[in-house]
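The values are calculated or read from the model by the stated rules, or taken from the named source; none is laboratory data. Predicted model, so just to flag it, every value in this text is computed and none were measured. Cβ placement follows ideal geometry from the backbone for every residue including glycine, while neighbour counts extend to all protein chains displayed. These area figures cover heavy atoms from the full protein model, side chains too; ligands, DNA and RNA do not enter into them. Shrake-Rupley method; radii C 1.70, N 1.55, O 1.52, S 1.80 Å.
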Amino acid sequence: MEDVRIAIIGAGMAGLTSALSLQKNGFKPIVYELAPELGEVGAGLTISPNSTLGLEYVGLADGLSKRANIPLSQAIMHYQTGEILVETERGDLPKQKYGAHYYQIHRADLHEMLSDAAQANDPDCMVLDHAFTNYRKTDDGIEITFANGNTVPCDVVIGADGIRSAVRESMFGPEDPKFTGNVAYRGLVNKGDLSNDVVTPASGVAIAPRKAFTRYLVRDGEVINFVAFVRRDGWNEEGWSIPATTEELLEEFGDWHPRIRALIEAAPKDKVFKWALYDRDPLEQWTKDRVTLLGDAAHPMLPFMGMGAAMGIEDGVVLGRAFAAADSIDNALERYEAARKERANFVLLRSRVARDRLQSDNPEQYDDSKHKNEESLGLFDYNPGTVPV
Ligand SMILES: Cc1cc2nc3c(=O)[nH]c(=O)nc-3n(C[C@H](O)[C@H](O)[C@H](O)COP(=O)(O)OP(=O)(O)OC[C@H]3O[C@@H](n4cnc5c(N)ncnc54)[C@H](O)[C@@H]3O)c2cc1C
């Protein structure tokens, strides 16, 4: 099995984690990425304990402890009064309860750690500037075609090419993701540009009817990452780097608590972006023709539980373990899909419910005991490095 030729399409969080897990288990996957350079756009990322355990499995324990932040708590706040409605302890508690920390990190930092680690294991594992277009079955496996005209033979294809997955389309035909009626804005602000009380408590989400505003610290606590969510019909452009203006944000959040307004006003004008949020309905079958899907390609979800990358990281870890446990490619893919599909599809559906929790019609009456969140749903209590495959 170690000689099996594994092609991973997409060098995002999910593709890179699967590369690392396969490498750890003795395989030599090749990752094909459409971008001419490796990198990650976007801002912050929450790494819940289940995700931390996955990243630790692939060797990133030290990197995380050096480059990620551990919030002491997470608060839900009223959008106008700033009153703390609920505060959940983090700090060392997740480590005691689940065996791993709850972290917050800049996406680019995590992406760099993953890609550096994969290339340290195998300097030839990454092929850039290769946009997958389709595959076909051949007598001795699969042939992949890329937009630049190159073709590559392999035995198995792992589609980790994100929400608009070309691999998924070539397996199951075209089907557009669904616009969810939500738009998100993101920005990064230097903490030094603000008075301390603006980010007290350091990690929190303010909730309002049809809107929410979340913010937390990254990069040694020096930078504040914020994401603001607004329900909106009509505008539905995708992409992580569409410029927005602070004026636009102030139109939406102008009557919010002064601390939120101060954060928006301090955002560098050229560093505010917006994008429309899409997801897809759960997919019943992830694997066909020795081609399988993982990460957003398999289960793109709304970000209201902060679990999208976590699910891709879990997928990646389990995929490597499934190959190690199997005696054939088909058996590996069966083990992978059986171990992962139910959980990832459940999280996808619950992420829709979480939107309504955080865009509360009546924030004054918010009662956390009436809601299920990612922790009370039991999602933290999962170790992709040890679950049965
Ligand atoms: C506002 C927001 C906040 C979020 N916050 C969190 C959070 O706190 N915690 C969390 O766990 N998740 C979070 N998520 C979700 C998370 O960002 C995604 O689920 C995750 O990035 C998906 O990773 P991926 O590797 O599957 O896909 P992607 O990150 O989309 O990577 C896909 C890769 O494939 C490449 N590619 C695409 N097409 C091709 C092709 N044809 N050929 C070759 N390569 C291709 C792309 O260039 C890219 O490198 C958030 C999402 C949003 C929108």
Partners for Lys191 among lysines (Cα-Cα distance below 26 Å; same-chain residues under 8 apart left out):
Lys66, Lys211, Lys269, Lys271, Lys274
Restricting to region 76-210, compute how many DSSP beta bridges are antiparallel as a %, nearest 5.
80
Note on the chain: helices (DSSP H) long enough, at least 27 Å by alpha carbon along their axis, and hydrophobic enough, mean Kyte-Doolittle at least -1.0, are 329-358
Taking the Cα centre of the chain as origin, sum charge times position over the Cβ atoms of Lys and Arg (+1) and Asp and Glu (-1), and report the length of that vector in debye to the nearest 20.
580
For the chain, restrict the atom set to alpha-carbon positions and state the Rg and Dmax in Å.
20.7, 67
Heavy-atom accessible surface of the chain: percent carbon and sulfur, 1.4 Å
47
Solvent-accessible area per residue, Å², over region 167-300 with all protein chains present [probe radius 1.4 Å]
41
Dipole magnitude of region 243-389 about its Cα centre (Cβ charges: Lys, Arg +1; Asp, Glu -1), debye to nearest 20:
300
Quick one: which residues, 5+ away or cross-chain, put their amide H under 5 Å from the amide H of Asp122? H built at 1.01 Å from N.
none
Work out how much length Asn362 to Ala35 would gain on full extension: take 0.36 nm times their residue separation and subtract the Cα-Cα distance, in nm to one decimal.
113.3 nm
Quote the charge dipole size of region 27-71 about the Cα centre in Debye, to the nearest 20; the model charges only the Cβ of Lys and Arg (+1) and of Asp and Glu (-1).
120
According to the Kirkwood expression over distinct Cα-Cα pairs, how big is the hydrodynamic radius of region 1-111, in Å?
16.1
What FRET efficiency would be calculated for the residue pair Asp122, Ser241, taking the C-beta separation as r and a Förster radius of 30 Å, to the nearest 0.05?
0.50
Plugging the Cβ-Cβ distance of Glu89 and Asn25 into 1/(1 + (r/R0)^6) at R0 = 45 Å yields, to the nearest 0.05, a FRET efficiency of 0.80
Which one of Gly234, Met1, Tyr79 is farthest out on the positive end of the charge dipole of the chain, using unit charges on Cβ (Lys, Arg +1; Asp, Glu -1) and the Cα centre as origin?
Tyr79
Among His106, Ser170, Ile144, which residue has its Cα furthest toward the positive end of the charge dipole of region 105-184, with +1 on Lys/Arg Cβ and -1 on Asp/Glu Cβ?
Ser170
Of all DSSP beta bridges with both partners in the chain, the antiparallel percent, nearest 5, is 75
Loop-only chymotrypsin sites (Phe, Trp or Tyr not before Pro) in region 213-286, please: DSSP not H, G, I, E or B, and at most 12 other Cβ atoms within 10 Å.
Trp235
Amide H partners (placed H, <5 Å) of Arg280, local residues excluded
Lys178
For region 75-166, report the accessible area per residue in Å² (1.4 Å probe, heavy atoms, rounded to an integer).
45
Return a whole-number percent for the relative contact order of region 238-278, with Cα pairs under 8 Å and 6 or more residues apart as the contact set.
65
Starting from the Cα gyration tensor of region 81-135, multiply each eigenvalue by 5, take the square root, and state the resulting semi-axes largest first in whole Å.
38, 18, 11
Which of Asn225, Ile207, Phe253 sits closest to the plus end of the dipole of region 207-253, meaning its Cα is farthest towards the positive end, when Lys and Arg get +1 and Asp and Glu get -1 on the C-beta?
Ile207
Length-normalised contact order of the chain, Cα under 8 Å, at least 6 apart, in percent, tallies to 23
Under the rule a/c < 1.5 gives rounded, and otherwise a/b versus b/c splits prolate from oblate, where does region 146-225 land using the Cα gyration tensor?
prolate
³J(HN,Hα) computed for each position of region 364-376 - Karplus, 6.51 cos²θ - 1.76 cosθ + 1.60, integer Hz, glycine/proline x
4, 9, 4, 10, 4, 5, 8, 10, 9, 10, 4, 7, 6
Contact order normalised by length for region 1-119, with contacts defined as Cα pairs under 8 Å and 6 or more residues apart; what percent is it?
31
Hits in region 190-209: amide N under 18 Å from the 7 Å Cα→Cβ extension of Asp220, namely 190-194
If each residue of separation counts as 0.36 nm, what is the full-extension length gain between Glu265 and Glu2 once their alpha-carbon separation is subtracted?
89.2 nm
